[in-house]
Amino acid sequence: MSTTEHATDDVTARRGKAPAGEKIADWADGRLGIYGLAKANMRKIFPDHWSFMLGEICLYSFVIIILTGVYLTLFFHPSMQEVTYSGPYVPLQGIRMSEAFNSTMNISFEVRGGLLIRQIHHWAALVFLAGMFVHMMRVFFTGAFRKPREVNWLFGFLLFVLGMFTGFTGYSLPDDLLSGTGVRFMEGAILSVPIVGTYLSFFLFGGQFPGNDFVSRFYSIHILLLPGIMAGLLVAHLILVFYHKHTQFAGPGKNEKNVVGMPLLPVYMAKAGGFFFLVFGVIAIIAAIASINPIWEFGPYRPDQVSTGAQPDWYMGFSEGLIRAMPGWEINFWGHTLQLGVFIPLGLLFPAVLTVIAIWPFLESWVSGDKREHHILDRPRNAPVRTGFGVGWITWYMVCLIGGGNDILATHFHLSINDVTWFVRIAFFVAPVLAFIVTKRVCLGLQRRDRDKVLHGRETGVIKRLPHGEFIEIHEPLDQGKVFTLTAHEQPAPAEIGPEVDENGVERKVDPLTKLRAKLAEGMYGEGSHIPKPTPEEHAEITSGHGHH
Amino acid sequence: MSSEPGSHEDMSEDNLPSERAHDAHHGAVAVAGDAFADPGLPAHLPRRQDLDEQAAKHSERVVAGLFVLSMLATIGFIASYVTLKPGKIVYIFPVGHVSALNFALGLTLGLALFCIGAGAVHWARTLMSDVETPAERHPIEASPEVRAQVIADFKQGAAESQFGRRKLIRNTMFGAMAMVPLSGLVLLRDLGPLPGKSLRTTAWRKGMTLINPNTNLPLRPEDITTGSLTFAQPPGLSEDDDDFQDVIAKAALMIVRIEPDEIKDKRELDWGHQGIVAFSKICTHVGCPISLYEQQTHHVLCPCHQSTFDLADGGRVIFGPAGHALPQLRISVNGSGYLEALGDFAEPVGPSFWERG
Ligand code: HEM
Ligand code: FES
């Protein structure tokens with residue numbers, strides 16, 4: 001009959017003789033089309049740099065959290081039903097506690113390996129959030145968020161924010177005295193929201209604080225809602241990484257149109273797969289030797305009791321700092337109360353800062369006017385304003401963290417808590433600005449050094465005495481790869497508004513937004529924002545003038 | 001090849017890595033105009049294992065050794081699980097006193113996992129090919145033809161739907177879509193009761209005695225000693241009650257005795273009994289229970305964010321983020337000589353809220 005049928009027969013015949021593994025693959029390909037997928041991805045090239053592992057740490061700790069979390073759900077009872085403790089931990093025997101606390105005690109003292117899994121879950125959560133924080137910094141400082149990766153920046157940002165809330169809800173589940181204090185904090189913050197705050201709080205807690213509902217509600221949020229959304233975002237994040245292909249640093253043979261590295265199969269499969277086990281192994285060992293959240297030492301939650309020196313997990317520390325440093329402003333009017341002392345830091349400032357982080361890629365491309373794709377990473381020094389801003393932001397975050405531990409600081413270093421608080425209040429405004437200025441200077445200094453290296457070569461440390469007695473250090477010219485690496489970056493000029501008066505002497509209307517943009521662009525790319533990089537002409541002049549050492 | 005900075009962006013064909021790879025490691029700066037040009041990928045440097053089978057064999061043994069170690073660790077894990085009792089505490093230097101089971105399980109599991117990872121990474125680094133190769137990137141944007149095709153397809157689809165032409169359909173559809181999520185919102189209504197006035201009141205009523213939570217007995221004025229903080233709760237409250245936590249979250253009380261002439265606030269003095277005054281224990285900042293008392297100054301400190309209140313001056317805030325004074329409970333002594341409340345707090349206790357006023 002037709003030739004196509006013969007062709008199919010041929011294929012079937014050929015496949016008939018294939019080894020078992022290939023047969024299975026053929027079967028799957030016939031249904032799922034896996035060969036098409038594999039062709040594009042199996043030997044996909046990934047560039048190598050230590051900082052590219054940070055994202056992997058996040059991914060792996062997320063997987064570890066899911067694995068251990070599922071195990072915990074098998075033993076944890078998300079109920080606020082009051083029971084009397086009768087387990088093996090003597091100091092709490094006979095104490096009233098919620099079933100949530102009771103079952104966490106059971107996991108920690110009676111289920112074999114339960115404590116280990118709990119501790120792995122909690123340590124992995126800390127690593128997960130720390131990993132995301134540092135990974136985000138890496139992406140920020142190298143400009144990896146630029147087109148076409150802005151959307152992936154947003155996905156990552158959402159993962160970070162949701163991660164904080166997932167951590168917070170999980171931390172609250174055991175219903176112990178420490179986490180309960182954190183929940184009370186959150187309730188107070190919700191109450192401070194104007195107009196709807198009281199209602200939100202009643203709906204969240206099923207009535208007055210603490211009620212009998214929040215553990216079971218936090219439970220479904222913690223194990224289903226947020227992780228579900230995060231899993232989706234994570235997959236989308238990874239798909240985009242594959243689709244865009246990884247960024248790379250400048251270097252010989254590397255440019256905007258290629259990606260240089262080693263193939264997924266086998267090198268990255270082995271390295272990345274192996275790295276998962278390394279991360280898991282290290283976290284397991286930490287969980288073996290370092291206790292975390294020993295709830296039996298805190299006891300069950302009671303709203304009229306508190307443990308002193310109460311501290312949240314590190315990723316919530318900044319909110320402590322914000323709220324401790326803020327003066328207790330409260331306004332009463334027309335029978336209403338505005339608790340600005342709580343609402344400004346947590347309801348306004350915190351979301352505002354998050355928003356700036358989220359939209360940074362769009363801000364930057366708006367200011368620069370640069371709509372091109374970027375696959376070569378910036379060295380942080382070559383974007384001094386961005387780098388300065390990032391360091392300023394980290395400084396601000398650290399000031400908040402310090403503020404969150406002001407009591408610990410005060411008792412530890414015998415300072416007055418008043419002084420520490422005032423220090424934090426001033427540093428809150430001043431430290432980021434100082435950090436920005438210093439960082440920018442350091443960046444410019446490093447640029448200057450790069451320039452010297454390109455033009456005069458590398459210092460060898462070898463001192464030579466010239467015939468007339470002068471001592472000079474021998475400089476060795478850089479090889480061309482190095483010269484290329486150090487001069488590969490762009491130094492864009494700021495976008496100009498153009499003359500405000502046109503050729504007929506008529507004043508042009510320039511809207512304030514355009515003016516603002518031009519100002520920002522001038523600050524970011526104008527004079528003083530960089531050290532002009534050497535040109536080949538300068539290079540030629542100097543190298544021919546000096547001759548070769 | 002032009003030589004302005006940035007020109008390497010638009011690389012010409014003859015500059016592509018493969019073409020230039022052969023002269024990459026000369027390192028010498030050849031022509032001045034070309035000094036900043038991309039010399040192309042450096043040549044691959046072979047590792048010891050690539051040249052010396054002996055070294056490769058050694059790497060193989062290391063990797064296999066790590067995998068075997070992992071297997072042994074898993075056996076150790078199972079053995080620990082079976083043999084060690086959950087309650088057993090041991091001293092391990094330098095970690096300190098730890099649960100033997102947790103320590104053994106964590107260490108063996110960690111080792112089993114770590115060795116797999118270490119083996120795989122060592123394998124990749126020493127034995128798998130480490131030749132770097134370039135792959136091309138393609139712009140993410142579609143070509144103009146594809147773009148035109150998609151836009152045309154969409155326009156055709158939209159036209160065929162008559163979406164733009166039949167405005168009535170369009171608008172009612174938007175209306176229906178906008179309204180249907182309302183049901184989901186309405187369903188959330190029963191998450192909790194409406195606040196009503198419930199945040200304005202506590203369990204305290206006129207004539208209630210002040211109960212010592214430790215002994216469950218009513219307090220007498222003699223029980224309140226100078227210089228210490230005494231806690232109290234309303235009578236008839238039991239930890240077994242369903243709403244115990246909700247009630248105590250608002251009714252918790254702290255009582256101090258201050259020399260009457262040290263009390264600066266007239267109303268405070270009036271509301272107490274011979275210098276015995278009762279204040280809400282719940283911080284007006286975000287609601288932590290206050291627990292620290294400094295007897296010389298009569299200051300109490302909230303441990304959460306260090307708000308400090310002056311109990312000799314109407315519970316006024318003297319430091320920290322709290323926004324208003326601690327509410328005071330009016331007390332007196334009843335016929336049997338016990339301290340009693342003369343009513344509820346005059347204002348809501350705990351953190352501020354919109355309707356507080
Ligand atoms: C994705 C991010 C997640 C983070 C950051 C996170 C974090 C936490 C933290 C910090 C705790 C407190 C543990 C302790 O008692 O010290 C916790 C508890 C818990 N988590 Fe997660 N978790 C996450 C996802 C999950 C998932 C996906 C599940 C289940 C499928 C889960 C199940 C649990 C359970 C049952 C508890 C309470 C048991 C206990 O505290 O012992 N978690 N979580
Ligand atoms: S809750 Fe008391 S100071 Fe914040």
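Coordinate-derived values only; no laboratory data. This one's a predicted model, so the numbers in the text were calculated from it and none came from an experiment. A quick note on method: Cβ atoms are made from the backbone with ideal geometry, for glycine too, and the neighbour counts reach across all protein chains shown.
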*At what distance in angstrom do the alpha carbon centres of segment A:257-287 and segment A:327-377 lie from each other?*
36 Å
_Rg in Å to one decimal, and Dmax rounded to a whole Å, for segment A:290-346 via C-alpha atoms_ = 15.9, 54
*asked:* With n ≥ 4 as the cut-off for DSSP H runs, can you work out [θ] at 222 nm for chain B, using -39500 (n - 2.57) per run divided by the number of residues, rounded to the nearest 500?
replied: -10500 deg cm²/dmol
*Under the Kirkwood approximation applied to all pairs of distinct alpha-carbon atoms, what is the hydrodynamic radius of segment B:185-325 in Å?*
16.4 Å
*Which FRET efficiency value, to the nearest 0.05, do you get for A:E110 and A:E470 by plugging their Cβ-Cβ distance into 1/(1 + (r/R0)^6) with R0 = 60 Å?*
0.15
*Among all cysteines in chain B, which have no other cysteine Cβ under 4.7 Å from their own Cβ?*
B:C115
*Taking each residue of B:304-314 in turn, how many C-beta atoms of other protein chains fall within 10 Å of its C-beta, and what is the average?*
4
*Fully extended, how many nm does the chain gain between A:I463 and A:T73 (0.36 nm per residue separation, minus their Cα-Cα distance)?*
133.5 nm
*Considering every residue in B:81-88, what mean count of other chain Cβ atoms within 10 Å of its Cβ is obtained?*
2
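With the Cα gyration tensor of the protein assembly as shown in hand, give its eigenvalues times 5 under a square root as the equivalent ellipsoid semi-axes, listed largest first in whole angstrom. Numbers along the way, then the final one.
On the way: eigenvalues 703, 268, 207 Å².
Ellipsoid half-lengths, sorted descending, are 59, 37, 32 Å.
Which helices count as membrane-span-like in chain B under these terms: full DSSP H, at least 15 Å along the axis by C-alpha, Kyte-Doolittle mean of 0.0 or more? Mind showing how you got there, number by number?
Working: long enough: B:53-83 (44 Å, 0.83); B:100-126 (38 Å, 1.31); B:144-161 (25 Å, -0.32); B:167-179 (18 Å, 0.57).
Helices passing the filter in chain B: B:53-83, B:100-126, B:167-179.
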*Comparing B:A152, B:A104, B:A249, which has the greatest mean-square fluctuation in the GNM of chain B with Cα pairs linked when under 10 Å apart?*
B:A104
_Can you compute the modelled spin-label distance between B:A176 and B:R47, with each label point 7 Å from Cα toward Cβ, in nm?_
6.4 nm
*Can you figure out the FRET efficiency of A:D502 with B:E141, using R₀ = 41 Å and their beta-carbon distance, to the nearest 0.05?*
0.75
_Distance (nanometres) between label positions extended 7 Å along Cα→Cβ at A:D452 and B:I92_ = 5.2 nm
*Consider all pairwise Cα distances in segment A:380-530 and report the whole-number % of them above 23 Å.*
63 percent
_5 Å is the cut-off here: which amide hydrogens, built 1.01 Å from N in the peptide plane, fall below it relative to A:N212, excluding neighbours closer than 5 in sequence?_
none
_B:L191/A:S544 FRET efficiency (R0 56 Å; Cβ-Cβ; nearest 0.05)_ = 0.10
*Two-decimal Rg/Rh of chain B from alpha-carbon positions, Kirkwood Rh?*
1.27
_Cα Rg, Dmax (largest Cα-Cα span) when computed across segment A:100-183, Å_ = 17.0, 53
*In the Gaussian network model of chain B, springs joining C-alpha atoms below 10 Å, which of B:M254, B:M71, B:M208 carries the largest mean-square fluctuation?*
B:M71
*Can you pick out the pairs among A:K254/A:K440; A:K257/A:K482; A:K245/A:K440; A:K245/A:K371; B:K206/B:K266 whose Cα atoms lie more than 29 Å from each other?*
A:K245/A:K440
_Cross-link candidates for A:K464: which aspartates and glutamates have Cα within less than 15 Å, leaving aside residues fewer than 8 places away along the same chain?_
A:E473, A:E476
